[in-house]
Amino acid sequence: MASGWTIKAGRLLAAWAIGGTLAFGQTAETAAPETRSQAPSPAQAQAQPAAASAPAVDPAKMEKLLALWERQSTLLKTLDAKVFRTDVIPAWDEVEYYEGRAIFKSPNLAFIDFRRIKQDESRKPVKDPKTNAWVSIPEERILCTGDEVWQYKSDTRQIFIYPLEEGQAEKAIEEGPLPFLFNMKAESAKKRYDMTLMSEDDKAYGISIKPRLDVDKESFSQAFVQLDRKYLLPIRIVLMSPDGKSKKDFQLGPIEPNKPVDDSNFKGKTVANWKVIRNPSAEDLAGDDQAASAPAPASRSDRPADQAAARPTRAAPKR
């Protein structure tokens, strides 16, 4: 977004399809309580959060909740979360599923990765019967290194590098690819969003969020957040598209706060035979979009992996 990542970096975040090339490396035990929420079934993932239609709760509770949310967020030094994402696009009669991981380290490091899940003939997500793991292919990865944003895109075998000016990186995490998840600042949130507490029970709060600023309205028209009541961590984020017709539904869990993380996750690395484009121009980005939507060569189109690559989504490099 223009105020944090610079206009060009904000453009790539608005796509909400993120993933890439670096190895993980987390093997240490959790250093603080964790909240766990397993990925839902496809039917559950497509359901709209209850907060969407529930009557608003006392506004004073929202103010108190924001203060508690910010205070809890200040205790987070790292956050490691698994993500199950569902994209619902009615105009194309399409639903896509992704599995991913988000890692943050205070004050300004981030790693966001998604893999697209294969679907069967009935368009349900597929699991490996032997491992019970999702059958998926790499998508795209974005890193915030503290000085730069690196974006890896395997469909065009390109790496885009966006420099960040001094002081931008921490704000980039607050406004970045999964808002409301890390470095929550109450006063900043109230300036940027209309936030309403719609529901609460013994497990979670349901919050409706509408953007105030044009730069945010370009990314989503409304969001719904389910906030874990015990640890005040988002366990679900639903983002409605600017036209209100499509949505991205992020189910978060397991979530591991203050778990030691490997700093190599936040270091940008080049890949052999990949083109590196530093501070790309509008022409570079327009050319990449055209390449991403181009059909695969006919001689390779009968191969499932190439059919997937031909779609207007992006696969990440393998190492």
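Values computed for the structure shown
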quantity	calculated
Strands (runs of 3 or more DSSP E) wholly inside the stretch 203-253 that include at least 3 residues being touching a helix residue (DSSP H, G or I) at 6+ places or on another chain (Cβ under 6 Å)	204-211
Filter result (out of contact with any helix residue (DSSP H, G or I) (no Cβ under 7 Å at 6 or more places or on another chain), within 27 Å of Lys259 (Cα to Cα) and outside any strand (DSSP E or B)) within the stretch 86-134	Ser106, Thr131, Asn132, Ala133
Answer residue from the stretch 235-258, given it is farther than 21 Å from Ser106 by Cβ and among the acidic types (Asp, Glu) and is surrounded by the fewest Cβ atoms within 10 Å (Cβ to Cβ) among those	Asp243
The stretch 87-122 - residue that is exposed (fewer than 15 other Cβ atoms within 10 Å of the Cβ) and among the small types (Gly, Ala, Ser) and, of those, nearest to Gly268 (Cα to Cα)	Ala91
Subset of the stretch 220-234 (residues that are polar (S, T, N, Q) and surrounded by fewer than 20 Cβ atoms within 10 Å (Cβ to Cβ))	Ser221, Gln222
Leading residue by the ranking (nearest to Leu109 (Cα to Cα)) among those in the stretch 183-202 that are part of a helix (DSSP H, G or I) and of a type in the set (Lys, Arg)	Arg192
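Here is a yes/no grid of residues against (1) in contact with a strand residue (DSSP E or B) (Cβ under 9 Å, 6 or more places away or on another chain); (2) of a type in the set (D, E, K, R); (3) over 26 Å from Val88 (Cα atoms); (4) surrounded by fewer than 18 Cβ atoms within 10 Å (Cβ to Cβ):
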position: Lys124; (1), (2), (3), (4): yes, yes, no, yes
position: Lys127; (1), (2), (3), (4): yes, yes, no, yes
position: Lys130; (1), (2), (3), (4): no, yes, yes, yes
position: Ala133; (1), (2), (3), (4): yes, no, no, yes
position: Pro138; (1), (2), (3), (4): yes, no, no, no
position: Ile142; (1), (2), (3), (4): yes, no, no, no
position: Asp147; (1), (2), (3), (4): yes, yes, yes, yes
position: Lys153; (1), (2), (3), (4): yes, yes, no, no
position: Phe160; (1), (2), (3), (4): yes, no, yes, no
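No value in this document is a laboratory result; all are computed from the given coordinates. Only a predicted model underlies this, so the values are computations on that prediction, with no experimental measurement involved. Every residue, glycine among them, receives a Cβ derived from its backbone with ideal geometry; neighbour counts consider all protein chains shown.
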